[in-house]
């Protein structure tokens, strides 16, 4: 006997395919949603980590800015203290300067001349005096140029005058004070100590 299948097999196959397609679509949608969720979670985790890193960096920058301001204040205080120290050292160095300069002038002054006026303004000394010859004035200028405490003597003027019915030469000259180096002072002090 021949069997004839009268069931609508094409329709059944079509429905089966549609079910399979629906299941595959549902499975694909679920997989896509899961992948999107994983991607979203991963990206949010990276954004949160970067935001946290940025917050740490901002906090570190604020801290470093505060430390830089403190360092700048310390540098200002150090420079102020160094300036004060320099003033004290200059006062210490210049304490006996007048005595030394007068002693040096008396040592460099040739015979046959005397000084009438000595005036110091800062590092410049103005000297006025009387000499019996112009050669003695030139000797004084040469002596002052080789002095350990004075430098750059310059003759301002020299003129003939009568002093007690004697013809003399009145002169005026300027000379600069040598600024002693702190290193030379230290060397001199170290050399003088036993």
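Quick notes
- Within region 90-134, if we keep just the residues that are in a loop (DSSP other than H, G, I, E, B) and either over 34 Å from the mean Cα position of the chain (by Cα) or touching a residue at least 12 places away in the same chain (Cβ under 8 Å) (or both), the residue that is farthest from residue 159 (Cα to Cα) turns out to be 123.
- Criterion applied to 104, 89, 128 was being under 20 Å from residue 163 (Cβ atoms) and surrounded by 10 or more Cβ atoms within 10 Å (Cβ to Cβ), and the one residue passing it is 128.
- Complete set of residues in region 1-34 that are surrounded by fewer than 10 Cβ atoms within 10 Å (Cβ to Cβ) and either at positive phi or not in a helix (DSSP H, G or I) (or both): 1, 2, 3, 4, 5, 6, 7
Residue by residue, here is whether (1) modelled with pLDDT under 80; (2) touching a helix residue (DSSP H, G or I) at 6+ places or on another chain (Cβ under 7 Å); (3) farther than 27 Å from residue 170 by Cβ holds:
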{"position": "77", "(1), (2), (3)": "no, no, yes"}
{"position": "85", "(1), (2), (3)": "no, no, yes"}
{"position": "109", "(1), (2), (3)": "no, yes, no"}
{"position": "113", "(1), (2), (3)": "no, yes, no"}
{"position": "139", "(1), (2), (3)": "no, no, no"}
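The values are calculated or read from the model by the stated rules, or taken from the named source; none is laboratory data. No experiment lies behind these values; they were computed from the predicted model shown. Reconstructed Cβ throughout: ideal geometry from the backbone, glycine too, with neighbour counts over all protein chains shown.
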